[in-house]
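Participant: Below: one structure in structure tokens.
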Amino acid sequence: MADAAIRTAPVPAEPARFDGVTISLGLPLARWSLRGRNPQELGNALGLPVPGRIGETAGGMACLGPDEWLLRLPEGSIIPMGEGQPLSVVDISDRAITLIVEGDRALDVLSSGCPRDLSKLAVGEARRTVYETVEIVLIREGETRYAVEVWRSFAPWLHLALVTAASHLPE
Amino acid sequence: MSAHRIAGLGRIDRSRTVTFTFDGKAMQGCPGDTLASALLANSVVLMGRSFKYHRPRGLLGAGAEEPNALVSVDRGGGRFTPNLRATAVEIYEGLNVRSQNRWPSLKTDFGAINDRFGRFFPAGFYNKTFMWPRSFWDKLYEPTIRRMAGLGDAPIEADPDVYAATYAHCDVLIVGAGPAGIDAALEACAARKQVILIDEQDELGGGALADPALWPWLESSLNDLAAAPNVTLLSRTTAFGFYHDNFIGAGQRLTDHLAEPGHGPRERLWRIRAGEVILAQGAIERPLVFAGNDVPGVMLASAARTYLVRFGVAVGDRVVLMAVHDSGWRDAFVLARAGMKIAAIVDLRAQVAPDLMAEAAELGVPVEMNSAVIGVSGRHAVTGAEIADSAGGNRHKIVCDAVLMAGGWTPSVHLWSHSKGSLAWSEEWGAYLADKPNENVRCVGACAGKWNYGTGVSIGALPTPDDPATIKAFVDFQNDVTAKDIALAVREGMKSVEHIKRYTTNGMATDQGKTSNLNALQLASGALDRPVQAIGLTTFRPPYTPQTFGMLAGDAKGALFQPTRKTAIDPWAEEHGAVFELVAQWRRARYFPQGGEDMHAAVARECLTVRSGVGIFDASTLGKIEVVGPDAAEFLNRMYTNPWKALEPGRCRYGLLLREDGFITDDGVSARLAPDRFHLTTTTGGAARVLNMMEDYLQTEWPDLDVWLTSTTEQYAVIALQGPKAREVIAPLVSGIDLSSESFPHMAVREGTICGVPTRLFRVSFTGELGFEINVPAAFGRYVWEQVWAAGQAHGITPYGTETMHVLRAEKGYIIVGQDTDGTVTPYDAALDWAVGKKKADFVGKRSLARPDIVAPGRKQLVGLLTDDPAEVLEEGAQIVADPRQPIPMKMIGHVTSSYWSATLGRSVALALVQGGHERMGETLHVPMPGKTIAAKVSGMVFHDPDGSRLNG
């Protein structure tokens, strides 16, 4: 695999720090979009646990829809591509980047533009949703840590929007 | 001296003074004052000029309903806000306020001549009078009327402020922090619900702020709520709209009350989704309709009480109360007990409760029952009131400096109505009350009609012995609608309240008839001799009070207005001087000028370099869809016009996509990577549309197919390397792929690595030259681009942009969907018959291609156009005629879709849609332009390398 030194990212590598929240670029990941008619078939083909409920995550895999999963693994990971089977495994490692929003006020920053009730998102849950007009996948990785997956070309806008929201938080 | 401050009363902070200016004159108030209370404390009662007649106006109310006292606040540096209600402006050190709709000054307003000629300006006057001549409307009538009539000036400078927005969720949202709202909040808080309590004023408390007996309760309740972790209190926040599914929009004013607004957001838009909404918006007192009811100093009784109790301001020294409702009596008693002289209580009713009579007697207040105020003297301020009994007898005058009106109460059902809750008429209130909810919402307190203000009667206008046609008794203060205007509307045939509203403009001002709707209804009811319920009620719509556009836009301005999508290679292009253009949401490099080149020179150079050597182009924005599954080929076979099942892995095919109506909607080259895996490309602008369309078919028409679609547009950076030297440039960089023409022919795809980065390498061409499209993971796009760029230096490589791409493809007759097609072009019209599988049983749009009008002769067809003068470049969009000597208007038979200077051919080339174009080969057509007509010959669409030999180099 190509060297990390030759990668470019659409947002600054330097974290943006605010009182109560930090917004930073996540590590590069291997990502796949997985599609299939049922979780068991997919699990058998990949040899991985497949969460069955929308929003649930297991082993880096998030169930985004009735027939759709997002698998996020460390960069360089390899999985079976399911050739010839009634399912779809597509490499989307570089389609998105991850913005990490972390801190006591992370929820406030994300709620500035996300219409979901994020306080109801349990740790370990993932949802495809929007921030204003931009589609995101939001994963609550910890009590005050969220991973925001956003398509690469929308990332500068989202980064600016989150930074602006963080700077506009009420006292 | 009329209005003035009274010692020892009110909730203002008397330990400090605040200096502000009104029309340039410096005045003092106290922290806690509104502009309205501070002006009254300075004995200023004249605060504005009316909309139409320019009549002097003072305060009518003390709250959000205020129709008269509209002012402009100028903070300098572009911070200018017109039409603010003085009752809602908090004073701060240095506040600079101007009155509106007057010239040269508030006291001497030349526009007031309208008032003298008021009899000539009845309702509907403008519509009737300024109809003819029609052309005068735009240039003369409308601008003149707009200057004369009106509100404050619109700001002309860019708004320097920033605004914020947020979403919020709660179990219970309570709108209005008066006693009922606070009780509801305490109850929900105790039930451990997540609560948001919002109120439009700076201080929470609503009506309790004007009732000192409630102050201890108010303080302890607010302390409890503020300490509760499950309660959010938002003051200075107006719930302006109630939308579907308990979704409330609210605007929070953050800095308008500060002397130094700072750099933070001025306002915050709250988008609140609530489990339950409790409306505790209270009720608004109704004015009474009588001659002179708009003279400054005539105001609502409840407002006078608020000014006294909350702000420590007496609205006058000798006050007359005109009441048809008990509440006014109680307000007058509060004023009397504070030492204000009540010159008389005038009540239209024959009798009232004995306790009211007793208290009046105890306070020494004269009472005149069965009587009404029939006139008010004074122009800039009240100097007296004329009173008569209800039969018109016993006319007499009372000297006074304020007249209070107690016309009963109108519950504020605005948000209830936004939520589409039904309303029911209440005789007791003389108003509409909330009836059946349409959302999980309920009203409480006065808002629900559950508040004891006492009893009263409802009346459209007070009786008068004078001729109603000669007096001005105002119904809608802000829009200058009088009782006789309502009568006129009825005489002219308006029967529905919706028609009366539009004819008279009653209720159409920025206050949306908060004080006028019910009186207008009563008057119409009387004039039509029909019950109020039969006349209907106009619909309330958001916003409840005027809101700033800035707040509604929130963060969505400047760079955050909408995303500008950029590729991984965009920064390189910027560093290399590219001129950009926007394509859909993307920013793309249009051309790369060198050494002062203009676009023409740069594009000519880029074109020649690609044709003779090699050029590099960022094609990353092309839409890409990965189609995977055992039925992938079957699916594409059904979607596209041409056959896909036999395409071998490793090969590419041009795909043409039609809508069901048979017209071209997209195209692109797609590759079969494996038996069950395709890499599709779409146009840049069509990416999302094509994916949606394909998903739609897959989910609704063919859910049985085992195939899935994944957008990979952003996964890959795409570097197009085009030109006879393209292979030489990448040969040293590519591993694992045999680049020779024999093993890697045109329209093929191979997987390997380039510069150590995995690639899907396409051998395709949109230029007609030998070419490759290098797909690499987007994060490595810039790195690979720079390596190819470096390797190309020895071969004279040039970067080129979309403009050159357009010229090169036009020279080859390759169409651009959306430029050469317009949604009415079939494959046959576009000379793409070859891309339609004649033997296919079906594909999307197939049946439409047999429709009579699709197969009829004379359709517009895509052809080439070569101008007789090779130096003449046609204008895109120019119309085409067959005979330029025909009389105007000429019959237009088509238009130019693409037109460029071709440096390669040394002449212009163009594509055009022309009626029966395919049968006109060699025919000379004409393009009429200003001052000349250009002759051009119809030709085939391929201008360069017609046999395509260069593709296979």
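Read the figures in this text as sums done on the coordinates, not as results from a lab. Keep in mind that this is a model prediction, so the values were computed, not measured. Glycine gets a Cβ as well: all are built from the backbone with ideal geometry, and neighbour counts include every protein chain shown.
Participant: Across segment B:547-556, in residue order, what do the Karplus-derived ³J(HN,Hα) couplings come to in whole Hz, using 6.51 cos²θ - 1.76 cosθ + 1.60 with θ = phi - 60° and x for Gly and Pro?
Facilitator: 10, 7, 5, x, 5, 5, 6, x, 6, 6
Participant: Take segment B:580-676, drop everything but the C-alpha atoms, weight them equally and run the Debye formula without solvent; then report log10 I(q)/I(0) at 0.14, 0.15, 0.23, 0.25 Å⁻¹ to two decimals.
Facilitator: -0.76, -0.82, -1.14, -1.25
Participant: If you don't mind, there's one more thing I want to ask. Out of segment B:818-888, which trypsin sites (Lys or Arg not before Pro) are coil in DSSP terms and have no more than 11 other C-beta atoms within 10 Å?
Facilitator: Of the trypsin sites (Lys or Arg not before Pro), the ones in loops of segment B:818-888 whose Cβ has at most 11 other Cβ atoms within 10 Å are B:Lys838, B:Lys839, B:Arg885.
Participant: Return the calculated 222 nm mean residue ellipticity for chain B, to the nearest 500 deg cm²/dmol, obtained by summing -39500 (n - 2.57) across DSSP H runs with n ≥ 4 and dividing by the residue count.
Facilitator: -5500 deg cm²/dmol
Participant: Taking N as the number of residues in segment B:714-770, what is its alpha-carbon radius of gyration divided by 2.2 N^0.38 Å?
Facilitator: Compactness ratio reported: 1.06.
Participant: Please list B:283-294, B:101-112 highest first by mean number of surrounding beta-carbon atoms within 10 Å per residue.
Facilitator: B:283-294, B:101-112
Participant: Of the candidates A:Glu56, A:Glu41, A:Glu14, which one comes out as most mobile in a Gaussian network treatment of chain A with C-alpha springs shorter than 10 Å?
Facilitator: A:Glu14
Participant: Let me ask something else about it. Run a plain Debye calculation on segment B:227-291 (Cα atoms as equal point scatterers, no solvent) and give log10 I(q)/I(0) at q = 0.12 Å⁻¹, rounded to two decimals, same order as the q list.
Facilitator: Here the Debye-derived log intensity ratios amount to -0.49.
Participant: Okay, moving on. Going by how many other Cβ atoms sit within 10 Å of their own, how do B:Glu626, A:Glu135 line up, fewest first?
Facilitator: Ranking B:Glu626, A:Glu135 by Cβ neighbours within 10 Å, fewest first, gives A:Glu135, B:Glu626.
Participant: On average, how many beta carbons from a partner chain sit within 10 Å of the beta carbon of a residue in B:161-169?
Facilitator: The shielding value for this peptide is 5.
Participant: How big is D for chain A, in µm² s⁻¹ as a whole number, if Stokes-Einstein is applied with the Kirkwood radius of its Cα pairs at 4 °C and 1.567 mPa s?
Facilitator: This corresponds to a translational diffusion coefficient of 78 µm²/s.
Participant: If you don't mind, there's one more thing I want to ask. Give, in nm to one decimal, the length gained when the segment between B:Arg847 and B:Thr144 is fully stretched (0.36 nm per residue of separation minus the Cα-Cα distance).
Facilitator: Length gained, B:Arg847 through B:Thr144: 247.1 nm.
Participant: So if I average 1/r over every pair of distinct C-alpha atoms in segment B:849-945 and take the inverse, what Kirkwood radius in Å does that give?
Facilitator: Radius from the Kirkwood sum: 13.7 Å.
Participant: Compute the label zone of B:Ser377 within segment B:314-329: residues whose backbone N is under 18 Å from the point 7 Å along Cα-to-Cβ.
Facilitator: B:317-321
Participant: Follow-up question, since we're still on this one. Using only the alpha carbons of segment B:199-258, determine the length spanned along each of the three principal axes and report them from longest to shortest in whole angstroms.
Facilitator: 38, 28, 21
Participant: Could you point to the residue in B:Pro468, B:Leu849, B:Met27 farthest towards the positive end of chain B's charge dipole, with +1 and -1 charges on the Cβ of Lys/Arg and Asp/Glu respectively?
Facilitator: So the residue furthest toward the plus end is B:Pro468.
Participant: If you don't mind, there's one more thing I want to ask. Starting from the Cα-Cα distance between B:Ala559 and B:Gln351, subtract it from 0.36 nm times their residue separation and give me the gain in nm to one decimal.
Facilitator: Additional length available on full extension: 68.2 nm.
Participant: So how far, in whole Å, is the C-alpha centre of segment B:609-641 from the one of segment B:515-541?
Facilitator: 65 Å
Participant: Another question, then. Roughly how crowded by other chains is peptide B:773-779, in terms of the mean Cβ count from those chains within 10 Å of each of its Cβ atoms?
Facilitator: What the average comes to for B:773-779 is 5.
Participant: In sequence order, what are the phi-derived ³J(HN,Hα) couplings for segment B:766-772 according to the Karplus relation 6.51 cos²θ - 1.76 cosθ + 1.60 with θ = phi - 60°, rounded to whole Hz, with x for glycine and proline?
Facilitator: Values, residue by residue: 10, 10, x, 9, 4, x, 10 Hz.
Participant: Let me ask something else. Averaged over peptide A:110-117, how many Cβ atoms belonging to another chain are found within 10 Å of each residue's Cβ?
Facilitator: Mean shielding count: 5.
Participant: Using only the Cα atoms of chain B, what do you get for the radius of gyration and for Dmax, in Å?
Facilitator: 37.9, 115
Participant: Where in segment B:488-520 does the label zone of B:Asn438 land, with the point 7 angstrom along Cα→C-beta and an amide N cut-off under 18 Å?
Facilitator: Within reach of a label on B:Asn438: B:498.
Participant: Now for a different question. Can you find, among B:Ile500, B:Pro571, B:Val532, the residue farthest towards the positive end of the dipole of segment B:492-602? Put +1 on the C-beta of Lys and Arg, -1 on that of Asp and Glu.
Facilitator: Ranked along the dipole, the leading option is B:Val532.
Participant: Same structure again: Under the rule of -39500 (n - 2.57) per DSSP H run of 4 or more residues, summed and divided by the residues of chain A, what mean residue ellipticity at 222 nm is obtained, to the nearest 500 deg cm²/dmol?
Facilitator: When only DSSP H runs of four or more count, the value is -4500 deg cm²/dmol.
Participant: Could you tell me what fraction of 2.2 N^0.38 Å the Cα radius of gyration of segment B:656-792 comes to, as a two-decimal ratio?
Facilitator: 1.16
Participant: On to the next question. Over all distinct alpha-carbon pairs, what is the Kirkwood Rh of segment A:29-91 in angstrom?
Facilitator: Roughly 11.4 Å, rounded to one decimal.
Participant: For B:Arg659 and B:Val579, what is the calculated FRET efficiency with R₀ set at 30 Å and r taken between the beta-carbons, to the nearest 0.05?
Facilitator: 0.30
Participant: Show me the trypsin sites (Lys or Arg not before Pro) within segment B:1-90 that DSSP assigns to loop and that have at most 12 other Cβ atoms within 10 Å of their Cβ.
Facilitator: Passing both the DSSP loop test and the Cβ count: B:Arg16.
Participant: Suppose a student asked you for the relative contact order of chain B, using Cα pairs under 8 Å spaced at least 6 residues apart; what percent would you report?
Facilitator: 8 percent
Participant: Mind giving me the nanometre distance, one decimal, between the label points for B:Asp13 and A:Ala5, set 7 Å out from Cα along Cα→Cβ?
Facilitator: Reported label-point gap for B:Asp13 and A:Ala5 is 6.1 nm.
Participant: Please list the radius of gyration and Dmax for segment B:517-588, considering alpha-carbon atoms only, with Å as the unit.
Facilitator: Cα radius of gyration and Dmax of segment B:517-588 are 27.1, 79 Å respectively.
Participant: With labels modelled as points extended 7 Å from the Cα through the Cβ direction, what inter-label distance (nm, one decimal) is found for B:Ser426 paired with A:Ile78?
Facilitator: A separation of 7.6 nm, rounded to one decimal place.
Participant: Please list, short to long, the whole-number percent of alpha-carbon pairs of segment B:435-477 in consecutive 10 angstrom bins beginning at zero.
Facilitator: For segment B:435-477, the binned pair fractions read 18, 28, 24, 21, 8, 0 percent.
Participant: Sorted from largest to smallest, which semi-axis lengths in Å does the alpha carbon gyration tensor of segment B:276-426 give for its equivalent ellipsoid, taking the root of 5 times each eigenvalue?
Facilitator: Semi-axes, largest first: 28, 18, 16 Å.
Participant: Please give me, ordered by residue number, the GluC sites (Glu not before Pro) of segment B:692-782 that lie in loop per DSSP and have at most 10 other Cβ atoms within 10 Å.
Facilitator: B:Glu742
Participant: Still on this structure: Output the pairs from B:Lys25/B:Lys107; B:Lys472/B:Lys514; B:Lys450/B:Lys495; B:Lys645/B:Lys838; B:Lys107/B:Lys501 with a Cα-Cα distance over 22 Å in this structure; if there are none, say none.
Facilitator: B:Lys450/B:Lys495; B:Lys107/B:Lys501
Participant: As I understand it, the dipole of segment B:136-295 uses +1 on the Cβ of Lys and Arg and -1 on the Cβ of Asp and Glu, about the Cα centre. Which of B:Ala213, B:Ala180, B:Tyr167 lies farthest toward its positive end?
Facilitator: Checking the options against the dipole of segment B:136-295, the answer is B:Tyr167.
Participant: Let me ask something else. Hey, what's the Kirkwood Rh for segment B:810-883 if you take every pair of different alpha carbons, in angstrom?
Facilitator: Kirkwood hydrodynamic radius for segment B:810-883: 14.7 Å.
Participant: Of the peptides B:499-510, B:391-402, how do they stack up when ordered by the mean number of other Cβ atoms within 10 Å, highest first?
Facilitator: Order by mean packing, descending: B:499-510, B:391-402.
Participant: To two decimal places, what compactness ratio does segment B:467-535 give when its Cα radius of gyration is scaled by 2.2 N^0.38 Å?
Facilitator: 0.98
Participant: Taking Cα atoms of segment B:163-280, Rg/Rh with Kirkwood Rh, to two decimals?
Facilitator: Ratio value, two decimals: 0.97.
Participant: Let me ask something else about it. Mind pulling the per residue volume of the convex hull built on the Cα atoms of the protein assembly as shown? Å³ is fine.
Facilitator: Measuring per residue, one finds 214 Å³ for the Cα hull of the protein assembly as shown.
Participant: For the pair B:Asn952/B:Asp317, report the inter-label distance in nm, with labels modelled 7 Å from Cα in the Cβ direction.
Facilitator: Result: 10.9 nm between the two label points.
Participant: Given Cβ point charges of +1 (Lys, Arg) and -1 (Asp, Glu) and nothing else, what value in debye, to the nearest 20, does the dipole of segment B:833-951 about its Cα centre take?
Facilitator: Approximately 580 debye in magnitude.
Participant: I need the Debye-formula profile for segment B:134-225: one equal scatterer per C-alpha, no solvent, reported as log10 I(q)/I(0) at q = 0.10, 0.16 1/Å, two decimals.
Facilitator: -0.53, -0.76
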